[in-house]
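Trainee: There's a structure below that I have some questions on.
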Amino acid sequence: MFYIAKRLIQIPVLVFVVVTLGFILMKAAPGDPVAMFAGEGATPEYLEMIRKEYGLDKPIPQQYFSYMRGILTGNWGYSLSFERPVLRVILERMPFTLLLSFAGFLIAVPLGVILGVTAALKRASYIDSSISAFATFFNSIPAFIIGLVLMYVFAVILRILPLGGVHTVGAS
């Protein structure tokens with residue numbers, strides 16, 4: 001019980017640290033985000049107007065507190081790419097994220113249990129060594145690389161799954 005309580009206390013601390021590091025990294029990144037947003041040939045007056053509109057003309061500590069307040073209140077800003085509030089963009093994609101996560105969980109857990117039990121039953125054998133080597137190899141590769149390779153194999157080479165989007169099976 002103490003372990004669970006300790007972990008539950010660590011969650012907000014970890015989120016705070018990650019959000020703070022994200023803010024610091026964005027401020028430390030080279031270039032001027034306002035100039036990139038405005039494009040080439042923007043007048044200094046236009047750049048200043050954008051800085052003022054987004055609060056980028058204020059001192060960094062004040063920007064940080066405004067940023068944290070926005071995160072805590074659900075005001076995550078406006079996506080220029082999607083022309084909608086960021087929170088709405090995230091919530092629109094949440095069902096697909098949960099679907100993919102749950103499908104991955106349904107594949108990974110039984111496969112992991114089967115391979116783990118097989119390795120345990122065949123301890124110190126060729127099968128145990130092969131399963132351990134397989135697990136170590138795939139644990140050492142970043143998940144996004146494995147994802148890209150699987151997309152290439154199943155969508156491009158085998159043409160079993162679509163490369164993107166959501167499609168009903170059997171629909172043209």
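Trainee: Out of Ala29, Ala38, Ala42, Ala135, I need the residue that is small (Gly, Ala, Ser), out of contact with any Ser or Thr (no Cβ under 9 Å at 6 or more places or on another chain) and surrounded by fewer than 13 Cβ atoms within 10 Å (Cβ to Cβ). Which one?
Mentor: Ala29
Trainee: Is it the case, given these coordinates, that Leu111 is among the aliphatic types (A, V, I, L, M), surrounded by 10 or more Cβ atoms within 10 Å (Cβ to Cβ) and over 30 Å from Tyr67 (Cβ atoms)?
Mentor: The answer is yes for Leu111.
Trainee: To continue, here is another question. Which residue pairs have Cβ atoms under 7 Å apart, sit 6 or more places apart or on different chains, and have a first residue in region 87-111 that is closer than 17 Å to Gly77 by Cα and a second that is at pLDDT below 95 and exposed (fewer than 10 other Cβ atoms within 10 Å of the Cβ)?
Mentor: Close Cβ pairs (under 7 Å, with a partner that is at pLDDT below 95 and exposed (fewer than 10 other Cβ atoms within 10 Å of the Cβ)) amount to Leu87/Gly74.
Trainee: Right, something else. Between Val149, Val166, which is touching a residue at least 60 places away in the same chain (Cβ under 8 Å) and either of a type in the set (A, V, I, L, M, F, W, C) or surrounded by 10 or more Cβ atoms within 10 Å (Cβ to Cβ) (or both)?
Mentor: When all the criteria are applied, what remains is Val166.
Trainee: Also, quick follow-up: Among the candidates Leu106, Leu115, which residue alone is under 26 Å from the mean Cα position of the chain (by Cα), under 30 Å from Leu161 (Cβ atoms), part of a helix (DSSP H, G or I) and not assigned by TED's automatic domain parsing to the domain that holds Val17?
Mentor: Leu106
Trainee: Among the residues of region 48-63, is there at least one that is surrounded by 11 or more Cβ atoms within 10 Å (Cβ to Cβ) and under 18 Å from the mean Cα position of the chain (by Cα)?
Mentor: For region 48-63, residues surrounded by 11 or more Cβ atoms within 10 Å (Cβ to Cβ) and under 18 Å from the mean Cα position of the chain (by Cα): absent.
The values are calculated or read from the model by the stated rules, or taken from the named source; none is laboratory data. Keep in mind the model is a prediction, meaning the values are calculated, not measured. Here Cβ is always computed from backbone atoms with ideal geometry, including for glycine, and neighbour counts include all displayed protein chains.
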